[in-house]
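The block underneath contains the structure these notes are about, expressed in structure tokens.
The values are calculated or read from the model by the stated rules, or taken from the named source; none is laboratory data. None of the values given here were measured: they were computed from a predicted structure. FYI the Cβ positions are ideal-geometry reconstructions off the backbone, even for glycines, and counts take in every protein chain you see. Surface accessibility is based on the protein's heavy atoms, side chains included, excluding ligands, DNA and RNA. Shrake-Rupley method; radii C 1.70, N 1.55, O 1.52, S 1.80 Å.
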Amino acid sequence: MIAVENLSFSYKEPVLSGVNFEAKEGEVIFILGPNGSGKTTLLRCIAGILKPKGAVLIENQTLNDLSKKDLAKKLAYVPQRSDTGFLTVFDVILLGRKPYMGFGPTNEDYRIVEEVISLLNLEKLAFRRLNELSGGELQKVMIARALAQKPRILLLDEPTNNLDVKNQVEILRLIRKIAKESNVSVISTMHDLNLASLYADRILMIKNGKIFASGGIEVLSRENIKAVYGVDVEVVRMNGKVVILPGD
Ligand code: ADP
């Protein structure tokens with residue numbers, strides 16, 4: 001579905017080097033790593049916003065072969081911070097249909113917007129303005145706009161940042177549901193190791209712009225966490241799950 005091959009990127013200083021991985025259809029991948037390790041930069045390279053060395057292949061086409069419009073039909077990116085403004089929730093989600101529009105929205109575009117609003121239970125907010133939403137509501141709207149693009153790949157930057165535990169769980173369940181029911185590949189950055197361990201199919205641990213470890217929850221070992229984050233933790237196994245606690 002999507003393959004990242006030998007990807008490197010420098011702003012002025014090198015940030016990413018030799019990054020290789022693939023995401024399969026319906027797979028949920030969480031990218032973990034300390035602040036400044038290059039997670040957001042990696043997402044922005046995959047989204048075609050930055051121009052890295054190496055290749056990003058989407059359904060066997062390189063990013064460079066795809067027009068902006070065609071890329072937006074295959075891939076949607078939800079950044080960490082979104083601009084709020086005076087547009088309504090409905091209009092913002094409708095903007096997700098822009099890559100498909102000619103002169104204006106068709107009935108099909110409106111149908112998809114309504115479908116996404118219903119999937120995310122946003123009916124009551126549909127005619128609210130973005131600057132009148134809570135953090136959790138705004139995050140859902142941004143995911144809704146991304147889904148209206150009908151992407152095959154969904155890139156999310158810290159989707160649970162600033163959310164309370166109920167909203168975190170709701171968003172992460174929704175992300176898995178989208179991946180599994182619509183066969184969308186999800187690649188998301190994440191700070192919370194415990195949440196990542198619960199909702200990931202695969203975890204990529206990044207250290208200094210390189211993939212340090214990749215795999216299932218077994219990569220969240222004491223040794224790896226110490227090596228990547230420089231902190232001592234205890235990893236407790238419980239019913240096939242792991243709980244990571246500070247080691248003091
Ligand atoms: P993460 O998402 O893991 O916190 P980032 O990808 O945001 O890391 O940043 C990786 C490194 O790149 C950091 O050292 C950061 O200071 C640097 N960086 C990020 N954005 C820019 C930019 N626009 N110009 C120059 N350096 C940047």
Worksheet entry | Per residue accessible area of region 2-246, 1.4 Å probe, in Å² | 50
Worksheet item: In the full protein assembly as shown, how much of residue 8 is accessible to a 1.4 Å probe, in Å² to the nearest 10?
Response: 30
Worksheet item: Whose amide H sits under 5 Å from the amide H of residue 18, counting only residues 5 or more places off or on another chain, with H placed in the peptide plane?
Response: 7, 8
Discussion item. Given the options 11, 147, 86, identify the residue whose Cα lies farthest towards the positive end of the charge dipole of region 1-160 (+1 on Cβ of Lys, Arg; -1 on Cβ of Asp, Glu).
Written reply: 11
Fill in: log10 of Debye I(q)/I(0), alpha-carbon scatterers only, for region 1-86 at 0.20, 0.25 Å⁻¹
-1.02, -1.46
Worksheet item: So what is the 222 nm mean residue ellipticity for the chain from helices alone, if each DSSP H run of at least 4 adds -39500 (n - 2.57) and you divide by all residues, rounding to the nearest 500 deg cm²/dmol?
Response: -10000 deg cm²/dmol
Worksheet item: Considering only the other residues whose Cβ falls under 9 Å of the Cβ of residue 151, what net charge follows from Lys and Arg at +1 and Asp and Glu at -1?
Response: +4
Discussion item. Students often forget the sequence filter, so: which lysines lie under 25 Å Cα-Cα from residue 124 once same-chain residues fewer than 8 apart are removed?
Written reply: 98, 140, 150, 166, 177
Worksheet entry | Heavy-atom accessible surface of region 1-90: percent carbon and sulfur, 1.4 Å | 47
Fill in: Cut-off under 5 Å, modelled amide H: who pairs with residue 32 long-range
204, 205, 206
Worksheet item: Where does region 108-248 land on Rg/Rh, using Cα atoms and the Kirkwood Rh?
Response: 1.03
Practice prompt. Return, ordered by residue number, the residues of region 205-248 whose backbone nitrogen is under 16 Å from a label point located 7 Å along Cα→Cβ of residue 176.
Written response: 216-218, 238-243
Fill in: Formal net charge of residues neighbouring residue 232 (Cβ-Cβ distance under 9 Å; K, R +1; D, E -1)
0
Worksheet item: Taking the Cβ of residue 10 as the center, what net charge do the other residues with Cβ under 14 Å away carry, scoring Lys and Arg +1 and Asp and Glu -1?
Response: +4
Worksheet, complete the sentence: Sites removed, the longest contiguous part of the chain containing no DSSP-loop chymotrypsin sites (Phe, Trp or Tyr not before Pro) with at most 13 other Cβ within 10 Å is 128-248
Fill in: Within straight-line cross-link reach of residue 207, lysines at Cα separation under 20 Å, skipping those fewer than 8 residues along the same chain
12, 39, 53, 226
Worksheet item: At each listed q (0.11, 0.14, 0.17 Å⁻¹), what is the log10 of I(q)/I(0) that the Debye formula gives for region 2-246 modelled as equal alpha-carbon point scatterers?
Response: -0.59, -0.94, -1.32
Worksheet item: When only C-alpha pairs under 8 Å and at least 6 residues apart count, what is the relative contact order of the chain, in percent?
Response: 26
